[in-house]
1. Provide the per residue accessible area, probe 1.4 Å, for chain A, rounded to a whole number of square angstrom.
2. Any idea of the total accessible area buried by the A-B contact, 1.4 Å probe, rounded to 100 Å²?
3. Label position 7 Å from Cα toward Cβ: report the copy-to-copy distances for A:Leu121 in nm, one decimal, ordered from shortest.
4. At 20 °C and a viscosity of 1.002 mPa s, what translational diffusion coefficient does Stokes-Einstein give for segment A:14-112, taking Rh as the Kirkwood radius over Cα pairs? Give it in µm²/s as a whole number.
5. Given R₀ = 56 Å, what would the calculated FRET efficiency be for A:Thr35 paired with A:Val127, taking r from the Cβ atoms and rounding to 0.05?
6. Please list the equivalent ellipsoid semi-axes of chain A, computed as the square roots of five times the alpha-carbon gyration tensor eigenvalues, in descending order and whole angstrom.
7. With the label 7 angstrom out along Cα to Cβ, how close does B:Arg191 come to the same site in each of the other copies, in nm, nearest first?
8. May I ask for the net charge around A:Asp62, where only other residues with Cβ less than 14 Å from the Cβ of A:Asp62 are counted and Lys, Arg are +1 while Asp, Glu are -1?
Number of protein chains: 2
Amino acid sequence: MEGKKTVRAAERALDILLCFTRQPELSLTEIARMTELNKSTVYRLLATLEEKGFLARDAETDKYRLGFRIWELSAHLSRTDDPALLFLPEMERLRDKIEETVSLYVRDGLERIRVQAVESLQAIRRVAPVGARMPLSVGAAGKVLAAFAEPAVRAQILADPDWPENVDKSDYLRQLDQIRRDGYATSVEEREAGTSAVSVPIFGRNGNILAALAVSGPVGRLTLERMEEVVPHIIEAAGRMQKMLTN
Amino acid sequence: MEGKKTVRAAERALDILLCFTRQPELSLTEIARMTELNKSTVYRLLATLEEKGFLARDAETDKYRLGFRIWELSAHLSRTDDPALLFLPEMERLRDKIEETVSLYVRDGLERIRVQAVESLQAIRRVAPVGARMPLSVGAAGKVLAAFAEPAVRAQILADPDWPENVDKSDYLRQLDQIRRDGYATSVEEREAGTSAVSVPIFGRNGNILAALAVSGPVGRLTLERMEEVVPHIIEAAGRMQKMLTN
DNA sequence: GAGTTCAGTTTCATCTGTCGAAACCGAGTT
DNA sequence: AACTCGGTTTCGACAGATGAAACTGAACTC
């Protein structure tokens, strides 16, 4: 059931670009290893990608990073294609059902960033500024993003020199295993006192994780029992979002 | 002389992607025309790009749009590569020098979107929510984005059925000509009563416009004379930003 | 309903542009 | 000096990309 008529050279170039969803900086040889392509093949494709501005070389490390063309293109994702906006209605629906704040996170290197949020309408609510950066080491969404990341990334996360001392790594790994089995994560006053959260992954068409959807609120309201009730709803919402992406 | 060793097929695939910075939706034949490639070549490259998720077909029109992979990649632009963040320090510097609100816009189809902003610290100031969408027909930044857009886009802008009646097209075109000559645009109570603005373009390495940088404030403070003073500073800031992009 | 047009798709023979092995270079290390 | 390990270049062989042309199928005209 193979793919259609497709151009190998172009395919390989795109594969190289996709490597950068796993690590923000890569050298020629690293890419060659990851893609299992010959060094000279990668060399020429990198030259092409760089010339067109899709990749750029870091002045210091001489490694490659994503270039401004990616930004240029992403700025032209039409409104309905930008997941942060595309998902908005679905997130609002979930917020209205659960009556707690709903956020969407993506991993960026060894951190996560909140790319979209709709806040609960209740007087006491979790506020969630878009654009905020947080660690992967704590919080339901952080754990989801780590749990479903590629093994190489997971290794990197644990090797991070900034790993917080008060989080036990082996316990963390056990949690990630559990999260992979359950398909969702919870946190109670982990990252921030007084708030708890539930989170589930959103996958791309190749099974790689794209984002984490999270519901968060005050521990008083969002109790363990309440979270249990929330799980099916958030999973359902995530499923619908996933479908929107892949058409 | 010319570029290094580069892979033609990959180059062409990337060229096809770049077509979508000009129009959000394109059919096979349109792309073939724009890139001056053979239909069957484009056909195969499109199949490749679609298979990898870089393009997606619109269910209704059957035309191609940018796919979720672009979003995925853009989410992984490292902090220092995302111009909206990369430019922040420079925008703050400008804000501190001029003491008025500084915004960054990109064109999205026939609209513009504010992708970044730092507000003036004065009590009376222009507020500038990030993410807001505005027309290209009025406002300094709108005119800059239109003035330096590709001719095809400009034609589209003028052909827009939603073009506001109270803006005279031939006058608008004359203004755009002037803006191209001057290298900057101004507006006084155009889009919004009580506010005036100055704006300059930021170009990518191939000379195509990427964004518009704008300074805006209350007409009382940001008078015509004051705007004249501002011009060299905003041009200087834009120049520095441009350099950051292309390394 | 025969004829026309146009977008998208497939075929196929041609030949060129891509590929990988291997050599090369230059900077660090031992 | 010998070795290692990135990155770069060379070069001959051949897979694979290419474009002309043919085909399909829908939409439109007369």
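1. Per-residue accessible area for chain A comes out at 45 Å².
2. Counting both chains, the buried surface is close to 5800 Å².
3. Here A:Leu121 shows inter-copy label distances of 3.9 nm.
4. 136 µm²/s
5. 0.85
6. For chain A, the ellipsoid semi-axes come out as 34, 21, 16 Å.
7. 3.2
8. My count for the surroundings of A:Asp62 gives -2.
The values are calculated or read from the model by the stated rules, or taken from the named source; none is laboratory data. What you see is a predicted model; the values in this text were computed from it and never measured. Here the Cβ is made from the backbone with ideal geometry for all residues, glycine too, and neighbour counts use every protein chain on show. The protein model used for the area step is the full one, side chains on, heavy atoms only, and it has no ligands, DNA or RNA in it. Shrake-Rupley method; radii C 1.70, N 1.55, O 1.52, S 1.80 Å.
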